[in-house]
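I have placed the structure first, in the form of structure tokens, so that the comments after it can refer back to it.
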Amino acid sequence: MTISAVKHYNISIRFACESLGISVSCYHYQAKLSGEDAQVADWLLRLTETHRRWGFGLCFLYLRNVKGFCWNHKRVYRIYRELELNLRIKPKRRIKRDKPDALSVPLAINQVWSMDFMSDSLVDGRSLRTFNVIDDYNREGLAGVPPKQLLRAA
């Protein structure tokens, strides 16, 4: 647009750019369309054919560090996307778990017992551990033995 304004109205480049609201450097800019994009595309296609599980990061690092090309990562990624080489991200598979069986309810005293170690700490910082045996029918504690005494009895 500025080119046509400069030619048609015979005005300066600076005045045409200022009136249209663009910078003078934008007027003088010429895109560098090089054949390097084809070379980048060729390398990316060869890499993704030989290493099917490589994504963009591994391909770019291989080209930069192993092959020594100094292409910008933004340029390589643009070409990578244009070639539609993006890998599909697989969703995580969820493990199907069965519902746990209902706990059995004892019908009388002394049918089912549960045992466990319990620990606590005293005010002065010492820890206290006990071995407990509980009747599941009436939740009565049958025994609460400190572990040191348990070892002596055995």
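The values are calculated or read from the model by the stated rules, or taken from the named source; none is laboratory data. Since the model is a prediction, treat every value here as computed from it, not as a measurement. Ideal geometry is used to build each Cβ from the backbone, glycine not excepted, and the neighbour counts take in all protein chains shown. Each accessible area value is taken on the protein alone, full model and side chains, heavy atoms only, with ligands, DNA and RNA left out. Shrake-Rupley method; radii C 1.70, N 1.55, O 1.52, S 1.80 Å.
Ranking 38, 100, 6 by Cα position along the charge dipole of the chain, where only Lys, Arg, Asp and Glu carry charges on their C-beta atoms, puts 6 farthest toward the positive end. By a 1.4 Å probe calculation restricted to protein chains, residue 121 has an accessible surface near 80 Å², given to the nearest 10. The simple spin-label model puts a point 7 Å past each Cα toward its Cβ; for residue 90 and residue 11 those points are separated by 6.3 nm. Rounded to the nearest 20, the Cβ-based charge dipole of the chain about its Cα centre (Lys and Arg +1, Asp and Glu -1) stands at 680 debye. Length gained on full extension, residue 52 to residue 24: 5.4 nm, using 0.36 nm per residue less the C-alpha separation.
Could you rank 89, 95, 79 by how accessible they are, 1.4 Å probe, largest area first?
If we order 89, 95, 79 from most to least accessible, we get 89, 95, 79.
Model label sites at residue 103 and residue 145, defined 7 Å from Cα along the beta-carbon direction, differ in position by 2.4 nm. Each Cα pair under 8 Å and six or more residues apart adds its separation to the average, and for segment 60-154 the resulting relative contact order is 17 percent. Per residue, the chain reaches -10500 deg cm²/dmol at 222 nm when only DSSP H runs of four or more residues are counted, each adding -39500 (n - 2.57). Using a probe radius of 1.4 angstrom, the carbon and sulfur fraction of the accessible surface of the chain is 55%.
Solvent-accessible area of residue 82, all protein chains in place: 120 Å² (probe radius 1.4 Å, heavy atoms, ligands and nucleic acids excluded). Rolling a 1.4 Å probe across the protein heavy atoms gives the chain an accessible surface of 88 Å² per residue. Looking at the P(r) of the chain, how many percent of alpha-carbon pairs lie beyond 25 Å? So the portion of pairs separated by more than 25 Å is 70 percent. Note on residue 36 and residue 66: the model spin-label points, each 7 Å out from Cα along the C-beta direction, lie 2.2 nm apart.
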